[in-house]
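See below for the structure under consideration.
What follows draws every value from the coordinates through simple rules; no lab data is involved. Just so we're clear, the structure is a prediction, and the values are computed from it rather than from any experiment. Quick reminder, even Gly has a Cβ in these numbers, built from the backbone with ideal geometry, and neighbours come from all protein chains shown.
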Amino acid sequence: MASISISIPLSKIISQYGVKKYTKIAIWGLILGLVLSAVANSHALFLLSRVIQGINCAILYFSIYMMIVLEMPEDKTGRTLGIVGSSGYIGMTIAPSIAGFISYYLSWRFAFLFVVPLLAFQLVLVHYIYDEWKTEKRPIDNIGSLLYVLVIIFLVYGLSNVVSNGFIYLVIFAVLLISFLFYEHSREYPIYNLHLLKNLKYAIGNYSSMGGYFVTFIAAYILSLHLQIVMGIDSRTTGLLLLITPVLMVFAAPYAGRLSDKHDPRIISAVAMVFITSAMVMFVFLKELPLYLIVIGIALQGLGHGLFSSPNNRYVLTSVDVEDLPDASSFLSSIKEIGKLLCTAVFNVICVIYVGNVEIETNVSGLIQSSRTMMIVCVAICLSSIILLLISKYLFERDENMEVIEVLRRFLPDKVLEFYRNEIS
């Protein structure tokens, strides 16, 4: 919640006063948050330490994108984003295992302290970066920042509690969102440039990113439940099987980044989403699948998301002007997290319908039906992302791509295509 809500307001400050300087501050802040978590003797102090970590992680997410897009040559941007994406997947892959090992043999407190030396080394590396990146200084919209933070907080809390009293918070979120949009529309220097959402390439790229994380996150969660509860596989073996996805992401992401430097990232993202869609179609029939086909599905998902993330990031970040890069990069980080929250909220509602207010282990048939319904939702989101990416490719090509047009004609009436031609003209 802290990371998502503060990312866009902080991006305005960081981009104007120095990306490198605030990267150093964020690393020190993250070290402080980790040490506080390790020594916390109350719930309040522990939650405070997590808020500190979330805020400083938001700065680091933003600064990484800023450094790459502003510093690297255009023909190497995709490759570099692929390396960064691969590094992130390595972190996601090894962190749970290392933290579990440390917690088991020492204490969960040492799992936080383990990261501190890594951050200290990162401080040394940042010290040897001699460049600084700044954008033009403009007034900071304090009221808009506050409204944005409140909008995200009520959205996150509402989605996290959607099956209990979350509806009330979502209503408050809707009221705040309308207020935020009206207020920002009248500002000369808004906290977020709403005109970016009129950029179809930008909007489609962010939707696809949200969809990719929506699908990948909930698929791993459902597979964990299915393998352990339905198939009776122990947690250790389940963990090893699910490890296939991030491992394949690690190898696929750099390759996808290099491809996006040579070919249209929209096509690469769409092809990658086809792999993910294939996995989701398989998981619709999860109950009927033998273990080896489930493993193939897990591999397809990992390969697809590894190929998808880097080109799609490049597509989003290079579809805006340089002055809008702070907004674009911070919003991209936020939309991924919102995708994770949204999929959890949808699955919670589906489980309430099919499983009911009982422990999930006591209603295995309800869990199976919930998983099947959620996978159908995932297939729909994947297909919509593929179609939108192809539409984007068609709309913004100077020369008409007849192969893409033939694909689009299967989904859109000729009148719609003619309307888009006129709009672009």
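The order of His263, His185, going from fewest to most other C-beta atoms within 10 Å of their C-beta, is His185, His263. Shown is the FRET efficiency for Val352 and Ile140, computed with R0 = 45 Å from the Cβ-Cβ distance and rounded to the nearest 0.05: 0.60. Based on DSSP H segments of at least four residues, each scored -39500 (n - 2.57), the chain has a per-residue ellipticity at 222 nm of -27500 deg cm²/dmol.
Full extension of the segment from Ser179 to Thr362, taken as 0.36 nm per residue of separation minus the current Cα-Cα distance, would add 61.4 nm.
Toward the positive end of the charge dipole of the chain, with +1 on the Cβ of Lys and Arg and -1 on the Cβ of Asp and Glu, the farthest Cα among Ile27, Ser260, Ile218 is that of Ile27. Between Tyr354, Tyr130, Tyr207, the Gaussian network model of the chain with springs among Cα atoms under 10 angstrom shows the greatest mean-square fluctuation at Tyr130.
For the chain, the membrane-span-like helix rule (DSSP H, alpha carbon extent of at least 24 Å along the helix axis, mean Kyte-Doolittle at least 1.0) picks out 19-39, 43-71, 142-160, 166-185, 265-284, 325-354, 364-395; this says nothing about an actual membrane. Multiplying the residue separation of Met231 and Ile296 by 0.36 nm and removing their Cα-Cα distance gives an extension gain of 21.7 nm. If you run the Gaussian network model on the chain, springs between alpha carbon atoms under 10 Å, then out of Leu118, Leu48, Leu342 the most flexible one is Leu118. Ordered by the count of other Cβ atoms within 10 Å of each Cβ, fewest first, Leu259, Leu125, Leu307 give Leu125, Leu259, Leu307. You can think of it this way: the chain between Phe285 and Asn165 has 39.9 nm of extra reach, that is 0.36 nm per residue less the Cα-Cα gap. With 21 Å as the limit, the listed pairs Lys12/Lys262; Lys21/Lys134; Lys12/Lys134; Lys21/Lys340; Lys20/Lys134; Lys134/Lys198 have Lys12/Lys262; Lys21/Lys340; Lys134/Lys198 beyond it between alpha carbons. The residues Thr237, Thr245, Thr277, when put in order of fewest to most other Cβ atoms within 10 Å, stand as Thr237, Thr277, Thr245. Placing unit charges on the Cβ atoms only, positive for Lys and Arg and negative for Asp and Glu, gives segment 10-129 a dipole magnitude near 220 debye about its Cα centre. How would you classify segment 124-178 from its alpha-carbon gyration tensor, with a ≥ b ≥ c the square roots of the eigenvalues: rounded for a/c under 1.5, else prolate if a/b is greater than b/c, otherwise oblate? Cα axes put segment 124-178 in the oblate bin. Between the beta carbons of Asp131 and Asp321, assuming R0 = 25 Å, the FRET efficiency works out to 0.75 to the nearest 0.05.
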